[in-house]
Amino acid sequence: MPASRSLRLRSQIGRKVFDAYELLELVSFGSYGAVYRGFAATCEVAVKLSDDKEASQNESEILLLLQGLPNVPQWLCYGEENSHHIIVMSLAFRDIDAMRQLNDSSGFRFCNETVQKILYQSVTVLESIHNRNIVHRDVKENNLMISLPVGRSNTIRVLVVDFGLATEFKDEDGKLIDEEDNSKFRRLVHSTPNVLLGLDHSRYDDLIQLSYAAISMSNDPMGQFFLPDKKSLDYKQALVSLKKLELRKKQFFSFAIRLPCFLRFSNDWYRSSWLFVSKMSWLSATMKFAKEFKTLFLVETRMESSNWSTSLEL
């Protein structure tokens, strides 16, 4: 997209969309779109403007298929105005990456308990999405968001957002749908080994991408993901092997990665995938720990210039 078009997408504050939604604040933006905090009558909403008609229409259709799931944005309306394709949906607070970057006192890292809770909820949301025969195909920190806090305890939830690249992997008869071309997914920094080798992106690959997000949550710059294709593929294949891979960074202690086989625990991907998305050696490979995973912790997250204690609901 030309820089001027991208700049225009990010310069829409004050505009009124569909004569109803006033754009108050730019929340996030990417190569082909921008998300604003909007206001209509009595409530705040998220308004996503895009120049990519295909991706925007696809996201709107996928969101409609996912309505009713509590950890997916609520679809409100879709349309076109002034050459922009617009989706209006329920508003979340911030994405996981933005939240992590507020934690400057801890080296821009989440504490272990927070990572556990984020991953547990993320796996649960992905399972519910997959149960509706949809794969996300773009799971990363920026597409995991925290809901607005509710109640006296400021309870928050993890939401999975941005379904522009999502697709159905089964048809109405339950038959698998083959992708015609996955070349654009091979170009993604967080593409998985299967996709790099020319295979279709599957449910399994959504969980692999979630494991990459887990690594990023530890403030790992993930420089190996930007290596030439062959070296990047070798590194990613090492991550999903059952071998222990040590990553040493000057500013952090050594982590041990052990990504277990998805066939354990009676072939239940989701019940064991909290292991898959773990980077830290202190994660125990027992179902006992899975129960501890559900224990409610208080999560201390620095927001702006003040401390705000919130409980991440499980």
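General remarks:
- Legend: P(r) of the stretch 3-90 from all alpha carbon pair distances, 10 Å bins from 0, whole percents, reading 18, 53, 27, 2.
- Efficiency of FRET from Cβ geometry, ASP234 and LYS53, R₀ 45 Å, rounded to 0.05: 0.75
- Note: the stretch 186-228, Cα convex hull, 60 Å³ per residue.
- Taken as Cα centroids, the stretch 191-237 and the stretch 32-81 sit 28 Å apart, rounded to the nearest whole angstrom.
- Distance (nanometres) between label positions extended 7 Å along Cα→Cβ at ASP171 and CYS111: 5.2
- Computed from the Cβ-Cβ distance with R0 of 25 Å, the FRET efficiency linking ILE13 to SER83 stands at 0.85.
- When each of LYS184/LYS236; LYS16/LYS140; LYS53/LYS236; LYS16/LYS170; LYS140/LYS231 is checked by Cα-Cα distance, pairs over 28 Å: LYS16/LYS140; LYS53/LYS236; LYS16/LYS170
- Here the stretch 130-146 is scanned for amide nitrogen atoms under 18 Å from the site 7 Å beyond the Cα of LEU24 along Cα-to-Cβ, giving 146.
Throughout, read-outs are computed from the coordinates displayed, never taken from laboratory work. The structure presented is a predicted model; accordingly, all values stated were derived computationally and were not measured. Because the Cβ atoms are built from the backbone with ideal geometry, glycine has one as well, and the counts that use them run over all protein chains shown.
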